[in-house]
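One structure is given below, encoded as structure tokens.
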Amino acid sequence: MFENMETVYLWVVLAPLVGSVVAGLFGWLIGRAGAHWVTIIGVGVSFFLSLVVFKHIVIDGAPAYDGTVYTWMVAGGLPIEVGFLVDELTAMMMVVVTFVSWMVHIYTVGYMRDDPGYTRFFSYISLFTFSMLMLVMANNFLQLFFGWEAVGLVSYLLIGFWYKRESAIYANLKAFLVNRVGDFGFLLGIAAVLLYFGSLRYGEVFAGVEGVAAQTLSIWPGVEWPVITVICILLFIGAMGKSAQMPLHVWLPDSMEGPTPISALIHAATMVTAGIFMVARMSPLYEYSETALAVVMVIGATTALFMGLLGLVQTDIKRVIAYSTLSQLGYMTAALGASAYAAGIFHLMTHAFFKALLFLAAGSVIIALHHEQDMRKMGGLRRYMPITWITSLIGTLALIGAPGFAGFFSKDSIIEAIGHSSLGVAGYAYACVLIGVFVTALYSFRLYFLTFHGEPRMDEHTRDHVHESPWVVTGPLIALAVPSVGIGAWYVGEMVFGDFFGRAIFVLPEHDVLGKLAASFHGPWGMVQHAFFQPPVWLAAAGVVTAWYLYLVRPELPGAIAARAGALYRFMVNKYGFDDFNEAVFAGGGRGLGNLLWRIGDVRLIDGLAVNGSARVVGWLAGVVRHLQSGFLYHYAFAMIVGLVALVGWAVFWPVE
Amino acid sequence: MFADWPLLSLVVWLPILGGLVVLASGSDKSAVEAKVVALLFAIVTFLVSIPLFTEFEVGTAAMQFVERRPWIPGWNIYYHLGVDGISMPLILLTTFSTVLVIIAGWEVIRYRAAQYMAAFLFMEGLMNGVFAALDAALFYVFWEAMLIPMFIVIGIWGGPNRVYATIKFFLYTFLGSVFMLVALLYLYFQTGSFSILDFHAAKIGYLPQVLIFLAFLAAFAVKIPMWPVHTWLPDAHVEAPTGGSVILAAIMLKMGGYGFLRFSLPITPDASAALDWLVILLSLVAVVYIGFVALVQQDMKKLIAYSSIAHMGFVTLGLFVVYDIVQYNQAAGQPALAGAAIGVEGAVVQMISHGFISGALFLCVGVLYDRLHSRRIADYGGVVNTMPMFAAFMVLFAMANAGLPGTSGFVGEFMVILGSFRANFWYAFLAALTLIVGAAYTLWMVKRVIFGDVASDKVAALKDIGAREFLFLALLAVAVLALGVYPAPLVEVLDASVAQLLEQMTRSKL
């Protein structure tokens, strides 16, 4: 049935694009139902074909596909193309992206039911699916960058979806600009790749690594840097923007201004993992720079711990999950730094399922409470929303890494890998990710208890109307809960400790921590048993118990602690001051510099002194000859005289040879 | 089938003839007829220009569609037209833009509409002449004559401060041009010919080269414009009617870039190599300094004008980094011109792309101005609520202006940044800052104008774009996206000509 895989690859990408264009341009014609059907079918086709690809590449073990779709341009003999690289890594990402996206499409039918921008919303999320697929399926840096920026565009459009809200349009501008800071580094990294490898195609670049590994370049006179390190760090700056690593994380919490399905799809499950995916894809480069790996690990581990801590002080349900996302992205990044790319990608996959689940469950709560997002006005919802409650509990257990759940296998692998890493910074990173386990359990169960347990704290009217969401909402919750439980045990052996990624991920023997750990891996059940003799599980359990004590047994305690902590608490509520700093230094500084250059440079000096000054001189000179000419012609004439004088002078001084 | 047609003469003289017809037929009473005639001439000229692309022979740098007749034999001046891969796309850009401008002025110009249309037709013919002329005297005639209709357009249909703007515009550009005239006359005396191709081949000593280079720089730097001779542009744009702004930004600025390509680099290669640091410095100032200035503008047209200057900085940067690339290649033991083409081709792609995008943005501002009679950002807010279709176009063009991949705005900047990285890390670093600054000034404007809640009763009363406005915005949107998704045809056309240019600009004439 699927003889020609090239056609399949093409339609994986095109189906959502067609859906998006039809819904976007002809939404007025086909109506709301038409718009959701065309996009749901489009992404559904894409998901189904992705499964076909997964079977073809992963299960049947077909060789990786690396081919050109069309030649974008040939500049000075250098071909720059649009093309696909489909290997195990791509196939897995395709399935994750299209599955989560499909679930979100269906969920949106319920969530956005009353929104006037219904068709526009479907057009955007299908466009996002297209862009993300272009990103993960790229076989070259140009297309990677295209997908990279295109998902940023859709993110911009969707954060500002409710464009009447000042907070939304502030957040989307901020998100785009912060991402552009990352893209700035990313683009320079691409330029460096082209310079030193002479190609933008992954295959050719990876083949040339050995040759470039010994080269250095000088950015400051007298300081020689290894080329690979510079390239990897520049590319990683891009990943820091897209995957929201400190200090470029500031846009992600604000992105919660977008509708909740978007928070699930873009700002938790797929787009924000682009940076993780990219570094894993570039593993043949990163392996040759321990400096870059150390940078990656430190940034990741720092983000994992310190962003998790901020989740403790948030009261908005979506923002807690947003900080949780930041923290989990930090785990993935730290894993990449430890050369445990497979573990990072595995966590990317499990996280995509359980975090999308948590967001969509939060969305279910939010609509049930008429768009209330403050957890202080929730409580006791388990009695009213049983499906949302149970699926949330599953998602939360997966997130904190409860043994047996999906998140356990991926996160435990990461922690073990960092513990065994030989990099000098691994000790710091290990401490961060270990403490992070406790923090994760604490904020996750704080959210869970505040929302579903205890006494209902909403007003009478709202409580009387609370009811479980319709099937288009609960269906995706159940569909996402299944992999949140099972995908970890099912795939950990193959993906993390086996040869799942085969040729797609490259690890030097001396960095191969997962290979070392594989020796002591005896199946998922063995891993669960082993875990009870390791700190993470007990740290997570301590976090759950602490949350239980603080928020159910002694609910007055958290406020008292916050009051006692005073300055520290305010520092955390202020998000460590990043936003204030950026607003003052970069936004304010940029405007100040612009005003300075404009009012002093352009208006005062160039126009005021030079131009109008010389205009006055010309005017005065023209006044002398005014009786000869009239109107504007005098300028012409005067200039002509100047020209002729100069010409004659020149001809005299440099005569014809 | 068009091989023996005088296509270039047609694209030059057909619109000028059209302009005469419109002038002769037009009074305010018969304005509709005059507009129809003008549109017909513009469309026919555009259709006539299409074979220049379809019949163009790629793979050769030789001039094509050449016409050559004696004009003033005593001075060895010829009526000599021809195009290569660099000038041909610029002619198409001109004929395309003129059609849009005629449509855009259809209902808006109520006062001397026939004269308005005629001015743009004259301008079209003269601008095509500039790009097609291979004789320096002919070139100079077109170059200067082109200013007159623009001067009239701003002076008659312009805003309240138009007199100051026209004088400034005229003085700047004319003073620059006079230096160029001197240089051209000097070259004539040296070679005995006005043929630009002869100038390319002429041997010239170092000091004369430097002086010629500086004379050309005076003309082209003003035109493109480069810091610090750029301040005429924001004023001219603010006062010009929408059509004038579109042509100014889309075509006239490109003449500066074209001048560097056709005159400075191939005629004075040694001086260009010696003074490349100056142009690169001014280009980077344009990208960074002007980017910050654009950020704080309160007038939409001024903002886009400054944005144009910043974008044109990429053109000059892409052209002049070649000399540093050659040095890098020599040090690295690679072929001298390896990786140099991408910057120069990026510069030309940027010129074409900026023609579409800046034209589109000025048309967008025009659409708003026609309704609210204000260009101040602060007078708007929440336009998307009342003009959703317009908002979609505006966001698209803003994204293109911010260099989003998939739009034409990305292609040229990407190529120039890739090229300049080879020359020097810091050139690429500073140029790439546009990713942040360019997005900041463009999208901040979009935020304040398009998004948000309805800001005032006036905004609440806005009507979305009609069919005529939809037409010209949609045509530009297609152009912006097509060039962004598939730039290969344009780059293919450029390739041979750029290769020859690289060879000329790096071969010493001493």
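Where a number appears in this text, it was derived from the coordinates with a stated rule and is not lab data. Since we're looking at a predicted model, the values are computed, not measured. So basically every Cβ, Gly included, is an ideal-geometry build from the backbone, and we count neighbours across all protein chains shown.
For this structure, a couple of remarks:
- Proportion of all alpha-carbon pairs of the stretch A:470-620 beyond 18 Å (%): 81 percent
- Proximal charge balance of B:Leu502 [Cβ under 13 Å; K/R count +1, D/E count -1]: -2
- Once both labels are positioned 7 Å from their Cα atoms along Cα-to-Cβ, the gap between A:Leu14 and A:Asp459 label points is 5.4 nm.
- Modelled spin labels at B:Leu481 and B:Arg69, positioned 7 Å past Cα toward Cβ, are 4.5 nm from each other.
- Legend: mean number of C-beta atoms from other chains within 10 angstrom of residue C-beta atoms, peptide B:483-490, equals 3.
- Note on B:Lys254: lysines with a C-alpha under 17 Å away, same-chain residues under 8 apart excluded, are B:Lys223.
- For A:Ala75, distant residues with modelled amide H under 5 Å away: A:Ile80
- When only the Cβ of Lys, Arg, Asp and Glu is charged (+1, +1, -1, -1), the dipole of chain B relative to its Cα centre reaches about 900 debye.
- Cα shape, the stretch B:378-490, gyration tensor, a/c 1.5 rule: oblate
- Karplus 3J(HN,Hα) series, Hz, for the stretch A:253-263 with 6.51 cos²θ - 1.76 cosθ + 1.60 (x for Gly, Pro): x, 5, 5, 5, 5, x, x, 4, x, 6, 4
- Cα-based Rg of the stretch A:5-55 normalised by 2.2 N^0.38 Å, two decimals: 1.21
- Counts of other chain beta carbons within 10 angstrom of each beta carbon in peptide A:180-187 average 6.
- Mean Kyte hydropathy of 0.5 or more with a Cα span along the axis of at least 24 Å, helices from DSSP in chain A: A:5-54, A:88-111, A:118-137, A:141-159, A:166-197, A:290-311, A:317-337, A:341-368, A:426-452, A:471-495, A:633-653
- With the biggest extent put first, the Cα atoms of the stretch B:125-182 measure 39, 24, 11 Å across the principal axes.
- Neighbour net charge for A:Phe359 - beta-carbon separation under 15 angstrom, K R +1, D E -1: +1
- Simple Cβ-charge dipole of chain A, Lys/Arg +1 and Asp/Glu -1, about Cα centre, in debye nearest 20: 1700 debye
- Anisotropy class of chain B from Cα gyration tensor, a/c 1.5 cut: oblate
- Cubic angstrom per residue, convex hull over Cα atoms of the stretch B:50-147: 107 Å³
- Along the axis of the charge dipole computed for the protein assembly as shown (Cβ charges of +1 for Lys and Arg, -1 for Asp and Glu, origin at the Cα centre), the listed residues A:Val528, B:Ile86, A:Leu597 are led at the positive end by A:Leu597.
- P(r) tail, chain A: Cα-Cα pairs separated by more than 50 Å, 19% of all pairs.
- Spacing of the modelled spin labels on B:Gln334 and B:Trp5, each 7 Å from Cα toward Cβ, amounts to 4.4 nm.
- Each of B:Thr407, B:Thr386, B:Ile436 was placed along the dipole of the stretch B:385-510 (beta-carbon charges, centred on the mean Cα), and the one lying farthest toward the positive end is B:Ile436.
- For the protein assembly as shown, a crude dipole built from +1 on the beta carbon of Lys and Arg and -1 on the beta carbon of Asp and Glu, taken about the Cα centre, is about 2600 debye to the nearest 20.
- Per residue, the convex hull spanned by the Cα atoms of the stretch B:269-404 measures out at 116 cubic angstrom.
- Full extension of the chain between B:Asp370 and B:Tyr111 yields a length gain of 91.8 nm, computed as 0.36 nm times the residue separation minus the alpha carbon distance.
- Fewest-first sequence of A:Tyr163, A:Tyr124, B:Tyr116, A:Tyr331 by Cβ atoms within 10 Å of each Cβ: A:Tyr163, A:Tyr124, B:Tyr116, A:Tyr331
- Order of A:Lys575, A:Lys516, B:Lys302 - criterion: other Cβ atoms within 10 Å of each residue's Cβ, fewest first: A:Lys516, A:Lys575, B:Lys302
- The stretch A:1-95: C-alpha gyration tensor shape, a/c 1.5 cut-off, then a/b vs b/c: oblate
- Note on chain A: dipole from Cβ charges, positive end direction compared against A:Gly258, A:Tyr196, A:Leu285; the farthest Cα belongs to A:Gly258.
- Too-long pairs where the Cα-Cα distance tops 19 Å, listed order kept, from A:Lys174/A:Lys377; A:Lys318/A:Lys575; A:Lys55/A:Lys411: A:Lys174/A:Lys377; A:Lys55/A:Lys411
- Fewest-first ordering of A:Glu460, B:Glu503 by other beta carbons within 10 Å of each residue's beta carbon gives A:Glu460, B:Glu503.
- Helix-derived mean residue ellipticity, 222 nm - over chain A, DSSP H n ≥ 4, -39500 (n - 2.57), to 500: -22000 deg cm²/dmol
- From the Kirkwood radius over Cα pairs of the protein assembly as shown, Stokes-Einstein at 37 °C and 0.692 mPa s returns a whole-number translational diffusion coefficient of 104 µm²/s.
- Within 10 Å of each Cβ in B:281-294, the average number of Cβ atoms from other chains: 3
- Theoretical FRET efficiency, 1/(1+(r/R0)^6), r = Cβ-Cβ of A:Asp579 and B:Val58, R0 60 Å, to 0.05: 0.70
- Electrostatic tally near A:Gly61: other residues with Cβ closer than 12 Å to its Cβ, Lys and Arg +1, Asp and Glu -1, net -2.
- In the stretch A:454-516, the alpha-carbon atoms span a convex hull of 185 Å³ per residue.
- Relative intensity of the stretch B:1-88 on a log10 scale, I(q)/I(0) at q = 0.16, 0.22 Å⁻¹, equals -0.75, -1.02, per a Debye sum over C-alpha point scatterers of equal strength in the absence of solvent.
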